[in-house]
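Throughout, read-outs are computed from the coordinates displayed, never taken from laboratory work. Here the structure is a predicted model, which means the values were calculated and not measured. Here Cβ is always computed from backbone atoms with ideal geometry, including for glycine, and neighbour counts include all displayed protein chains.
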Amino acid sequence: MKLLINFISKLGVDSVSRLIGFLTLPVITRALGPEGYGLFSYLFIILSYFGFFIDFGYLNYGTNKLCDKIDSKTVIGKIISLQILTLIFSFLILIVVAYFFLDLSKYFMLLMFSLTYFSQLLAIRYYYLANNKLYFNSMAELAGQIIYALLIFLVFTYSPSVMNLIIFSVIQSLVTSLFLFLPYIRKNKIHINLNIKANLKTLKEAYKLGLSSKAEGISASFVILCIGFFLNAQSVGVYNASYKIYLILLTVIQGASYTMMPMLLSYVKNKDRNNARRISLIFYTFIILGIILSAVTYFFSEIIIMVMFGEQFTASIEILKIFSFTILIIPVWMFLALMLLAYNKYNYVLLVSISSMVFSIILSIFLVNVFGVIGAAFVLPLVSFGTIAVCLYSLGKISKSENFRLIELFSLRSAFEELSLLLKRS
């Protein structure tokens, strides 16, 4: 019942956040057009590459540590201490390097955008995730989204510019992070230790999940980097319009993932044989969610693009249809990745993520060069198929050492049996 309440409350709040995003997105894209919106998106991607180590997979690392019943003050203190050092390093690199490859106006925009780095220190989502308080994360996102929407409708509509949009994004990230951090710090103290040796030890513990997380980020963002580099800002805008819809839909799947993550970790770590049925039910929950969202995206892609972005973004319709196939298969990827995380097989988690990154880099360079922006749309579906294959290979290896049958995880019969038991109990 707690799982259901968590999922419904999170999905409800997240749906409101997504709705607000739907309302602001048309205002932004219509005001800036494909070129202006593409420039904003391109700067965001560049910023994420400079901040490589600031958000270094700490959502998974922190959640896993806290699920092992390690004191939250210790875990959060270690993570924030390491983030402070990496923030200083990243910011210095950005100031120096970006100066040489961006013109002055874009350089100042990027510096302003980099203030979001400070918000990442305070965004302790892993604490609430590990403690099954998902509504905190959702409410924080909602608070940031409301402030952002007010700024868009009250200020941006009268003074639309890429710089203003960047400033509002910085404010949004700060509001979100404070909403997460302040309730915790009011009742707890965090010990900050900037000793390099101690932080290197934390980095050593987290680097596999960190590299895994960053590899996943590169898998999704490298194609946008290639479009901006090989094509132009307008092409980035056309691609990113559909990609934005994809991300909004993806949050629904991620909501299910985060809701079931603590329970799935518990089922895997507990050797009760009945847990195989429960795991299979979780798997088919992911599958059904993917099918529904994929069908809606494919059949209503034209309506979505026209309503959200207008005729300037007509080229985005075909891209969104291609993305619908990614939405269909991405839940399988998420489920398998959670299974690898649950077994604490960080080497395999890292292998899967790096494989995904390599697939993305190779496919992005080839498809963008040969087929342009339409070719770019095929990158994520192809990467997803390749990554699922690597996940299955890794779980096959783990099944031998952990003494379980891989086929049991995907048993439709077991899922129905568990669902029947749950319905009887309710």
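Within the set of other residues whose C-beta is less than 13 Å from the C-beta of TYR246, count the net charge using Lys and Arg as +1 and Asp and Glu as -1.
+3
Which of the listed residues, LEU293, LEU165, VAL370, is farthest toward the dipole's positive end in segment 2-425, when Lys, Arg count +1 and Asp, Glu count -1 at the beta-carbon?
LEU293
If you place +1 on the Cβ of every Lys and Arg, -1 on the Cβ of every Asp and Glu, and leave all else neutral, what size is the dipole of segment 2-425 about its Cα centre, to the nearest 20 Debye?
It comes to approximately 1740 debye.
Where the centre of each part is set by its Cα atoms, how far does segment 173-189 sit from segment 374-426, in angstrom?
A separation of 36 Å, based on Cα centres.
Send over the Kirkwood Rh of the chain, from the inverse of the averaged 1/r over different Cα pairs, rounded to one decimal Å.
For the chain, inverting the mean 1/r across all distinct Cα pairs yields 22.5 Å.
At R0 = 56 Å, how high is the FRET efficiency between ASN132 and ILE303 if r is their beta carbon distance? Nearest 0.05 is fine.
Using R0 = 56 Å, I get an efficiency of 0.90.
Once phi is turned into θ = phi - 60°, what whole-Hz ³J(HN,Hα) does the Karplus curve with 6.51, -1.76 and 1.60 give for every residue of segment 360-365, x standing for Gly and Pro?
Going residue by residue, I get 5, 4, 5, 5, 4, 4 Hz, with x marking Gly and Pro.
Can you list the HN-Hα couplings for segment 309-314, worked out from phi with the Karplus curve (6.51, -1.76, 1.60; θ = phi - 60°), rounded to whole Hz and with x for Gly and Pro?
These are the phi-based 3J(HN,Hα) values: 10, x, 5, 4, 10, 4 Hz.
If one puts a single equal scatterer on every Cα of segment 322-385 and applies the Debye formula without solvent, what log₁₀ I(q)/I(0) results at q = 0.15, 0.30 Å⁻¹?
Ignoring solvent entirely, the Cα scatterers give -0.52, -1.18.
Starting from the eigenvalues of the Cα gyration tensor, five times each then square-rooted, give me the equivalent ellipsoid semi-axes of segment 296-426, largest first, whole Å.
34, 23, 10
As a test of the formula, what do you get for the chain when each DSSP H run with n ≥ 4 contributes -39,500 (n - 2.57) and the sum is divided by the residue count, at 222 nm and rounded to the nearest 500 deg cm²/dmol?
-29500 deg cm²/dmol
How high is the FRET efficiency from PHE385 to GLU408, r the C-beta distance, R0 25 Å, rounded to 0.05?
Once rounded, the FRET efficiency stands at 0.60.
Please state the shape class of segment 358-426: rounded when a/c is under 1.5, otherwise prolate if a/b exceeds b/c and oblate if not, all from the C-alpha gyration tensor.
oblate
Please give me the summed charge of the neighbours of TYR127: other residues whose Cβ is under 11 Å from its Cβ, Lys and Arg +1, Asp and Glu -1.
So the surrounding residues net to +4.
Around PHE313, what is the net charge, scoring Lys/Arg as +1 and Asp/Glu as -1 over all other residues with Cβ under 13 Å from its Cβ?
Combined, the nearby Lys, Arg, Asp and Glu give -2.
Fewest Cβ neighbours within 10 Å first, please rank ASP14, ASP55, ASP71 accordingly.
Sorted ascending by nearby Cβ count, the order is ASP71, ASP55, ASP14.
Whole-Hz ³J(HN,Hα) for each residue in segment 84-100, computed from phi via Karplus 6.51 cos²θ - 1.76 cosθ + 1.60 with θ = phi - 60°, x for glycine and proline: what do you get?
My calculation for segment 84-100 gives 4, 5, 6, 5, 4, 4, 5, 5, 5, 5, 4, 4, 7, 5, 4, 4, 8 Hz in order.
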